[in-house]
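This report concerns only the one structure given below.
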Protein chains: 2
Amino acid sequence: MVVTPWEFSGDIDYDKLIQRFGTQPLTEEILDRIGDHSGGLHLQLRRGVVFSHRDMDRILDWHDAGLPFVLYTGRGPSGPTHLGHMVSWVFTKHLQDVFGSKLFFQITEDERFLMRSEFDEGIVRHWAFENALDLMALGLDPENTELIANIRHVPKLYETALKVAKRVTGSTVRAIFGHGDDANIGTMFFPAMQAAPCFLASARSGERVPCLIPAGIDQDPFWRLTRDVAGKLRYPKPAQLHCRMLSGLGGGAKMSSSRPETAIYTTDPPEEAEKKIMDAYTGEAGGVRSGKGRKPAACSVYNYFFFLFEESDDRLRELAESCGSGARRCHECKAVLSERVEGFLLEHQAQREMMRGTVADMLG
Amino acid sequence: MVVTPWEFSGDIDYDKLIQRFGTQPLTEEILDRIGDHSGGLHLQLRRGVVFSHRDMDRILDWHDAGLPFVLYTGRGPSGPTHLGHMVSWVFTKHLQDVFGSKLFFQITEDERFLMRSEFDEGIVRHWAFENALDLMALGLDPENTELIANIRHVPKLYETALKVAKRVTGSTVRAIFGHGDDANIGTMFFPAMQAAPCFLASARSGERVPCLIPAGIDQDPFWRLTRDVAGKLRYPKPAQLHCRMLSGLGGGAKMSSSRPETAIYTTDPPEEAEKKIMDAYTGEAGGVRSGKGRKPAACSVYNYFFFLFEESDDRLRELAESCGSGARRCHECKAVLSERVEGFLLEHQAQREMMRGTVADMLG
């Protein structure tokens, strides 16, 4: 398995990722403590979609002492938002609702421009706006959310990024991210820009304000680097909650825009989403005519229910059992999922349109 | 001899630097062409203080076709301004007066912060203001001069710097600047920030606006890199005029703040400057009691006349001859120089105070 900020492939073993990255599994104790605040656990916590953390216990201690922490996550604006991107955003909104935390949402215009030879500034600027619409359409609180689009909002970050950059050598960045000698100098500097929002609340207030980052585990190299630097700057180390990746409708480790026919975009017309779902790969579940041996966990359609579209654990279990027994056929699951996705898309696309003015104001 | 942006030492042979850096000596033809515009050559051109160039002929062609070019130079704000810094600024003002060009003056707060472990942002910000006072006190036109302090004015540069950074690899920067593996990632990125003002007029106007950089030759590695990138971005390659370095009063290759007793700062009280001059190293000139063998060119006091404080070539020649013949003693030269420096400092310090409001407005 290959897990980096730019590649996520192979047979993903999330337990091994916890070992490889040196993170902690989410314990029952931490889940209980979160549940005490939220009154019942979010489905991503109940089902282990959020499976790993660093310092979540400290964040809860801090919060229970009546002190504020901030949330931080983000997006590389290289194309339309698909449902895979939304998994951690949905969870981030939940955290904002439960803890009342301010969210910094970084839109890495600079990184996408630097990494993609065919991209100009206009393209990343375009996708920055479109992606921000998708975030805010989920119902994040505009009063408690700060969009940081790295190029247009660079004054918010540069001074703090310099403090980070001063304490990170080129050889460290090459070792952590696997950059070769041909990596451009913007890419070498960029980890300092991604680190900066972790410290922004502290830098602005002059007090220690911890930061919790809900994000895919593929971003973890950035946080390892940032945590190393935090101590040198006397800022709190950023804490993390790591999400699993939602697979594409063609199977595989992660939904990817490189295979648009297997990704559902938030702007897809419902009938196009339906067609993608009807063509979805259902793995061993679909390959077996007899009632034996189906594995729902390997089915991309099932995973959509699991990550996003079936709130009830009971109904999810029934679905898995009836699939496994052969009582339920793939086309039935696909039809139900299509209906749910259609409902989501219609609602989301309407919200998206309503947020245009708000997002334009937030991006400035 | 060692000549880099961070070290300038050894026995400097400026002809060899022309070969090493691949620049062009200033020809009589180019000097004549400049003189046609200025009505007589500036002393730095007459005496070879400005000794080398790249594409100055093209800049003159461009200007003669009625098209505008911009000037660009700068300062690393790590301490008070001394007279060695002023050499290229005096010449830059002359160019602005003659050609009416807009000047971009970059104050590299970021680079000084990144390179000096003991510096915080407050220190570079302080020296940025102080150094800018010295520039503007020389009479640069505030309406035609744009100060770019890299941290507070980062939005002016970041987008253009990213375009440069995208086209420069880490290994190129290591090769050009001699950075080791332990160079921090901010330092690796910084050449893109120093390059950006070369392209700013073009980026803002959407037209090709050439840029001429009058500066010490120690900055040349930045311009070699920038010229390579210019073609890829379809911007004009920046042209250069290279100045020699004024030695300190203790001799050596370059006036340096690491030996403050041998540098005259613009804020020195005249009596302190006088004391430094009276203690100055006069080289072989001072070591010889007889009338034979004195070499004014090796005398730091003579060099002050040569670079800055004796406008008349005739009087300079008389001074050299009477020194060489032994007719003139060191204390006489020192007394005359003290008087001139005192006059300069009193006038400059008064101008400096008058520019406080203007500079505060320019820095924003």
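The values are calculated or read from the model by the stated rules, or taken from the named source; none is laboratory data. Model, not experiment: these values are computed from the prediction. With ideal geometry, Cβ positions are generated from the backbone for all residues, glycine too; neighbour counts draw on all protein chains shown. Side chains included, ligands, DNA and RNA excluded: accessible areas come from the protein's heavy atoms. Shrake-Rupley method; radii C 1.70, N 1.55, O 1.52, S 1.80 Å.
Computed about its Cα centre, the charge dipole of the protein assembly as shown is approximately 1340 debye, with only Lys, Arg, Asp and Glu carrying charge at their Cβ. Would you work out which of A:214, A:246, A:270 lies farthest towards the positive end of the dipole of the stretch A:203-282, given +1 charges on the beta-carbon of Lys and Arg and -1 on that of Asp and Glu, about the Cα centre? Positive-most Cα among the choices belongs to A:214.
Starting from the label point of residue B:322 at 7 Å along Cα→Cβ, the same points in the other copies fall at 11.1 nm, in ascending order. Taking each of A:93/A:232; A:16/A:102; B:102/B:163; A:102/A:237; A:93/A:156 in turn, the alpha-carbon distance tops 27 angstrom for A:93/A:232; A:16/A:102. Using θ = phi - 60° in the Karplus curve 6.51 cos²θ - 1.76 cosθ + 1.60, the 3J(HN,Hα) couplings for the stretch B:124-136 round to 5, 5, 4, 5, 4, 5, 4, 5, 5, 4, 5, 4, 5 Hz; x is entered for Gly and Pro. Distance from the axis that maps chain A onto chain B is least for the Cβ of the chain A residue given, with the whole Å value, as A:189, 2.
For the pair the stretch B:232-270 and the stretch B:163-226, the centres of their Cα atoms are 19 angstrom apart. Legend: P(r) of the stretch A:2-245 from all alpha carbon pair distances, 5 Å bins from 0, whole percents, reading 1, 6, 14, 19, 21, 19, 13, 6, 2, 0, 0. Across the copies of the chain, residue A:39 has label points (7 Å from Cα along Cα→Cβ) spaced 8.5 nm apart, shortest distance listed first.
Checking the cross-link filter: which lysines have an alpha carbon closer than 24 Å to that of residue A:276, excluding same-chain neighbours under 8 positions apart? In chain and number order, the partners are A:254, A:295, A:334.
Which part of the stretch A:317-341 falls in the paramagnetic zone of residue A:261, meaning amide N under 20 Å from the point 7 Å along Cα-to-beta-carbon? Under cut-off, by backbone N: A:331, A:334-335, A:338.
Comparing A:244, A:47, A:352 in a Gaussian network model of chain A (Cα springs below 10 Å), the most mobile by mean-square fluctuation is A:47. For residue A:310, the solvent-accessible surface with a 1.4 Å probe is about 10 Å², rounded to the nearest 10.
Gyration tensor over the Cα atoms of the stretch A:260-353: the corresponding equivalent ellipsoid has semi-axes (square roots of 5 times the eigenvalues, largest first) of 25, 14, 9 Å. Across A:346, A:31, the residue with the most accessible area heads the list, and the full order at a 1.4 Å probe is A:346, A:31. The phi-based Karplus calculation (6.51 cos²θ - 1.76 cosθ + 1.60; θ = phi - 60°) puts the 3J(HN,Hα) values of the stretch A:209-220 at 10, x, 10, 10, 10, x, 6, x, 5, 5, 7, 4 Hz, whole numbers, x for Gly and Pro. Interface of B with A. Using a 1.4 Å probe and counting protein heavy atoms only, the two chains hide about 2900 Å² of accessible surface, both sides summed.
Here the accessible area is traced with a 1.4 Å probe on the protein chains. For chain B, carbon and sulfur cover 48 percent of it. Think of a 1.4 Å ball rolled over the protein heavy atoms: chain A then has 40 Å² of accessible area per residue. Starting from the label point of residue A:275 at 7 Å along Cα→Cβ, the same points in the other copies fall at 8.7 nm, in ascending order.
Rounded to the nearest 5, what is the percent of antiparallel bridges among the DSSP beta bridges in chain A? The antiparallel proportion sits near 35 percent. If both residues of a DSSP beta bridge must be in the protein assembly as shown, then about 40% of such bridges are antiparallel. Since only B:52, B:171, B:191 are under comparison, the one whose Cα sits farthest along the positive direction of the charge dipole of the protein assembly as shown, derived from C-beta charges on Lys, Arg, Asp and Glu, is B:171. Using the Cβ-Cβ distance between residue A:58 and residue B:118 with R0 set to 35 Å, the FRET efficiency works out to roughly 0.60. The calculated FRET efficiency for the pair residue B:361 and residue B:31, based on their C-beta separation and a Förster distance of 35 Å, comes to about 0.40. For the protein assembly as shown, the pair-distance distribution built from all alpha carbon pairs, in bins 10 Å wide starting at 0, is 3, 13, 20, 20, 15, 11, 8, 6, 3, 1, 0, 0 percent.
Counting pairs of Cα atoms in the stretch A:157-264, how many percent are more than 17 Å apart? That tail contains 59 percent of the Cα-Cα pairs.
Using a simple spin-label model with pseudo-atoms 7 Å out from Cα toward Cβ, residue A:321 and residue A:171 lie 6.0 nm apart. Distance distribution note for the stretch B:1-90: the fraction of Cα pairs above 18 angstrom is 58%.
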